[in-house]
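Input: a single structure, listed below in structure tokens.
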Amino acid sequence: MAVCVAVIAKENYPLYIRSIPTENELKFHYMVHTSLDVVDEKISAMGKALVDQRELYLGLLYPTEDYKVYGYVTNSKVKFVMVVDSSNTALRDNEIRSMFRKLHNSYTDVMCNPFYNPGDRIQSRAFDSMVTSMMIQVC
Amino acid sequence: MADEALFLLLHNEMVSGVYKSAEQGEVVSAAKALEENGRCITKLENMGFRVGQGLIERFTKDTARFKDELDIMKFICKDFWTTVFKKQIDNLRTNHQGIYVLQDNKFRLLTQMSAGKQYLEHASKYLAFTCGLIRGGLSNLGIKSIVTAEVSSMPAYPDTGLHPKTPRSQPELKPRVRCSTNCATQVLR
């Protein structure tokens, strides 16, 4: 399960960022921020074609000792970044992909909401509850 | 299915609704009327813009990432147009320097209108929403653009007093959408 989920707009500012251990939030914000560089590198055509240019899922961006960071870019250049706990080795690529799919579907729903202005922070409760369902249950 | 008719009717009502709300009921001068017209068209275009943004997000959810601008324009011509108007764009031309001309020979939103010269000037009201739709879609995909539309009717019979013996079928209005993706100057109406 994810420890931190972030939705970054095309202009590289966060539309939605939430992490589970609510203390030490800054560390996750910083991690997401640094991962943006890696995302840009992966989607630029000049980089070596390590990632299939046509795919939306970017895969593992970079691992740290405690956490692994995954990325996903939509066609509208909105980036989803997910930080998962490294100790949770049972998490497979397919599960991460399906989590990103769910995120993308919810984001699309938020976008189609006529009361939502593109570029604002996401405040939808449905989106919140979907993200909560993906995150670790910390007691 | 009745889907197409629904959107067509909604769109027609939308246009007349916007114009009715702009009418003050007082006597307006010709200049003011022109200004009102411009404002209504802008309103319609902005509505289309927002709808376009949402639609594009939904349609590109499952497609692969776009390689370049031309790829995006082809997507608009084929998938996007098919999903919204149930047909593809008939002709796409470009000058490879940021200007694309999309030609639709049988534009769904205008086919129900009779083709007389007097209606041509009003056709722009009905194209504003679609222009906004394209502009919104492109903007969400990262392309700043200006979209203009023009309508040219089928080549009419020359006015020599000859009358065709057989009844002429309704000529179709052929709107052409011109998108110029010139990032240096973006004009926001």
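Helical runs (DSSP H, four residues minimum) scored at -39500 (n - 2.57) apiece and divided by the length of chain A put the mean residue ellipticity at 222 nm at -11500 deg cm²/dmol. This ranking places B:K43, B:K32 by how few other beta-carbon atoms lie within 10 Å of each, fewest first, which gives B:K32, B:K43.
Residues whose amide H comes within less than 5 Å of that of B:A149, counting only those at least five positions distant or on another chain, are B:R178 (H built at 1.01 Å from N in the peptide plane). Take the convex hull of the alpha carbons in the range A:1-40; its mean projected area over all directions comes to 2.9 nm². Counting every other Cβ atom within 10 Å of each residue's Cβ, A:S44, A:S133, A:S124 order from fewest to most as A:S44, A:S133, A:S124. Share of pairwise Cα-Cα distances greater than 26 Å in chain A is 18 percent (whole percent). Note: the range B:30-145, Cα convex hull, 122 Å³ per residue. Listed values for the range A:119-125 are Karplus-derived 3J(HN,Hα) couplings in whole Hz (6.51 cos²θ - 1.76 cosθ + 1.60, θ = phi - 60°), namely x, 7, 5, 7, 10, 6, 6, and x replaces Gly and Pro. Rounded to the nearest 20, the size of the Cβ-charge dipole of the range A:1-132 about its Cα centre is 360 debye, with Lys and Arg at +1 and Asp and Glu at -1.
For the residue pairs A:K10/B:K78; B:K20/B:K74; A:K42/A:K102; A:K77/B:K78; A:K10/B:K20, the alpha carbons lie more than 32 Å apart in B:K20/B:K74; A:K10/B:K20. A crude spin-label estimate for the pair A:S133 and A:C112, with each label 7 Å from Cα along the Cβ direction, gives 1.7 nm. Taking other C-beta atoms within 10 Å as the exposure proxy, A:Y30, B:Y126, B:Y19, B:Y100 rank A:Y30, B:Y19, B:Y126, B:Y100 from fewest upward.
Since every read-out is calculated from the coordinates, none of them should be taken as a lab result. Everything numeric in this text was worked out from a predicted model, so none of it was measured. Note that each Cβ is placed from the backbone with ideal geometry, even for glycine, and that neighbours are counted across all protein chains shown.
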